[in-house]
Amino acid sequence: MSVPQVRISDVALDSVFDTFSNVETGLNPLWFQQAPLYGISPTWAQFDFTDDSDNFIRGQVDADQYETSGEINYPFACLYVLESANTNNIKFATFSGMVRVVLDVYLSWGPIRGIPNFEKYCNCMESTVVSAINTWTNQASFTRPLAYNGQVQCRRGPAIFAGENWRQKIGFSFLFEVDTFES
């Protein structure tokens, strides 16, 4: 008897990574397009999606602890699977259920005089991420065994004294349906 080969969480994670790293419709070109609308430099937030990146990783890490490694540049992002659940939506599938992919983005600023507008950076990042994941062209790339319902959750943390001086976390959650069968 052979053990069935199935892919579950990595199907969703790889698809989201491919979407965000796309050089035409991913995070970098969309930030470049969105930033001027918020009065932000288009080059302020560009991610390096290579394996040697110091501002984008696949995995859930604590930014405070990761910062102590000295291998971090801001903005910094983590892409990972938070949870999966086999809910047997399709009977006899090896796995049929949901996979939740999360993107945590840590924005950071140096010393600021006056009253800062942290919100414009978070608002711009929100517009960029939602546009990247929900653009029709990108949604069409989510193919079997993956289904994406278009729902995005966004949550923001407070600006704290960390990073380059101030740091704020903005997190996104994307829910996918994955239906895998033995191959």
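Derivation of every value follows stated rules applied to the coordinates shown; laboratory data play no part. This structure is a prediction, so every number in the text was calculated from the model and none was measured. So basically every Cβ, Gly included, is an ideal-geometry build from the backbone, and we count neighbours across all protein chains shown.
Structure above, values below:
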read-out	value
Förster-model FRET efficiency, 45 Å R0, Asp48 and Lys91, C-beta, rounded to 0.05	0.55
Relative contact order of the chain, defined on C-alpha pairs under 8 angstrom at six or more residues apart (%)	27
Least to most buried among Ile170, Ile57 (fewest other Cβ within 10 Å first)	Ile57, Ile170
Volume per residue that the Cα convex hull of segment 9-180 spans, once the total is divided by residue count, Å³	114
Average Cα contact separation per residue, segment 97-183, under 8 Å, 6 or more apart, as relative contact order %	49
Loop-located trypsin sites (Lys or Arg not before Pro) in segment 74-139, at most 11 other Cβ atoms within 10 Å (DSSP)	Lys91, Arg113
Segment 1-108: translational diffusion in µm²/s, Stokes-Einstein, Kirkwood Rh over Cα pairs, 25 °C, 0.890 mPa s	154
